[in-house]
Amino acid sequence: MSDCLFCRIAAGEVPADIVYEDEKVVVFKDINPKAAVHLLLIPRLHVASLREVTPEQDELLGYMLRLTAKLAADQGLDEGYRTIINTGPGGGQVIFHLHVHLLGGEGLPGFG
Ligand code: AMP
Ligand code: ZN
């Protein structure tokens, strides 16, 4: 059994509010949402962070980003949205399984 929380969510061992999944990725609601829509998109493959991504995973990353745009449209975020990938402790990453935050709608804080 993995000790990575997001691997465990992907495996169905830890419950999450899953909004989309396929053979490559799982998307679920952030447990502590920072805006009306706050989803986390993770690869099923354990990759600790953006720093560990290899050229073999270029296709997976492209897939994840394009899916993020589709999910935003599905969520009705027609005015726009924010995508965030925190990397390393200095970047605010606390869960070391690569994930894309998709944020939008009411309550989205200003940036900078
Ligand atoms: P990061 O700071 O980029 O590593 O973001 C980790 C995110 O995971 C935070 O926004 C947390 O609220 C979220 N999170 C932590 N545990 C869970 C969980 N069990 N289910 C859903 N989201 C979670
Ligand atoms: Zn993992």
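Values quoted throughout were computed directly from the atomic coordinates according to the rules given, and no laboratory measurement underlies them. Fair warning: this is a prediction, and the values are worked out from it, not measured in the lab. Positions of Cβ are backbone-derived with ideal geometry, glycine not excepted, and every protein chain shown enters the neighbour counts.
Which aspartates and glutamates, on any chain, are close to K24 with Cα under 12 Å apart, when same-chain ones fewer than 8 places away are left out?
Of all the aspartates and glutamates, those that pass the test against K24 - Cα under 12 Å, at least 8 places apart if same chain - are E59.
From the phi angles alone, apply the Karplus equation (6.51, -1.76, 1.60; θ = phi - 60°) to the range 31-37 and give each ³J(HN,Hα) in whole Hz, x where the residue is Gly or Pro.
Karplus values, whole Hz, x for Gly and Pro: 5, 10, x, 9, 7, 4, 10.
With a cut-off of 8 Å between alpha carbons and a minimum separation of six or more residues, what is the relative contact order of the chain in percent?
Working: 160 pairs, mean separation 35.6, N = 112.
Relative contact order comes out at 32 percent.
What is the dipole size for the chain, taken about its Cα centre, with +1 at each Lys and Arg Cβ and -1 at each Asp and Glu Cβ, in debye to the nearest 20?
The dipole of the chain has a size of about 240 debye.
Which whole-Hz couplings ³J(HN,Hα) result when phi for each residue of the range 46-51 is put into the Karplus expression 6.51 cos²θ - 1.76 cosθ + 1.60, θ = phi - 60°, listed in order with x for Gly and Pro?
Karplus values, whole Hz, x for Gly and Pro: 6, 10, 5, 6, 4, 5.
Mind listing the long-range amide H neighbours of V19? Cut-off is under 5 Å, sequence gap 5 or more, other chains count too, H placed in the peptide plane at 1.01 Å from N.
V27, F28, K29
Using a cut-off of 13 Å between beta-carbons, work out the net charge of the residues near H38 (Lys and Arg +1, Asp and Glu -1, H38 not included).
Details: positive: K29, K34, R82; negative: D17, D30, E106.
Value of the local net charge: 0.
Order these by the 10 Å Cβ neighbour count, fewest first: V27, V19.
Values: V27 23, V19 16.
Least to most surrounded, the residues fall as V19, V27.
Would you kindly work out the equivalent ellipsoid of the range 5-104 from its C-alpha gyration tensor and give its semi-axes, the square roots of five times the eigenvalues, largest first in whole Å? Don't jump to the answer; show the numbers that get you there.
Details: eigenvalues 73, 47, 43 Å².
Equivalent-ellipsoid dimensions as semi-axes: 19, 15, 15 Å.
To test your reading of the geometry: what angle, between 0 and 90 degrees and rounded to tens, separates the Cα axis of helix 58-74 from the longest principal axis of the chain?
30
Just to verify a number: FRET efficiency for L5 and E52, C-beta to C-beta distance, R0 = 30 Å, to 0.05?
About 0.95, to the nearest 0.05.
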